[in-house]
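Below is one structure, written out as structure tokens; the observations come after it.
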Amino acid sequence: MWLDCGEHGIIPLKRITPNSVVLSQSFSAPPCFAKLVVSVDGKIMSQRVSLPSGISESRLAVMVRSIDEGVAPF
């Protein structure tokens with residue numbers, strides 16, 4: 001599981017919930033759009049999300065909002 005923040009970088013994740021993700025390590029990025037990616041048994045699934053508050057070095061939990069309609073594929 002990882003969050004691809006484009007030009008800001010890629011960060012591994014510990015956990016994904018419907019409204020947030022938990023980072024594996026500290027990271028910093030401004031509010032932006034990102035791709036939430038999960039790989040299970042070699043199958044890669046992704047969901048476009050926004051990070052309305054960005055990512056702060058001091059917190060591992062990050063609020064995410066789905067951009068695409070419907071339910072996340074994972």
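Quick note: the coordinates plus some simple rules give every number you see, no bench work behind them. Owing to the predicted nature of the structure, the values given are computational and were not obtained by experimental measurement. Glycine also receives a Cβ, built like all others from the backbone with ideal geometry; neighbour counts cover every protein chain displayed.
Assorted remarks:
- The chain - percent relative contact order, Cα under 8 Å, separation 6 or more: 29 percent
- Fewest-first sequence of 44, 16 by Cβ atoms within 10 Å of each Cβ: 44, 16
- Segment residue 63..residue 17, full-extension length gain: 15.6 nm, with 0.36 nm per residue of separation and the alpha-carbon distance subtracted.
- In the chain, the GluC sites (Glu not before Pro) that fall in loop regions by DSSP, at most 12 other Cβ within 10 Å: 57, 69
- Listed by Cβ neighbour count within 10 Å, with the fewest neighbours leading, 60, 3 appear as 60, 3.
- From the coordinates of this entry, P(r) over Cα pairs in 5 Å bins from 0, in percent is computed, and it appears in [x] 4, 17, 32, 28, 14, 5, 1; [y] 3, 15, 20, 17, 14, 11, 8, 7, 4, 1; [z] 4, 20, 32, 25, 13, 5, 2 under the label [x].
- The label-point distance for residue 50 and residue 28, in a model that sets each label 7 Å from Cα toward Cβ, rounds to 2.4 nm.
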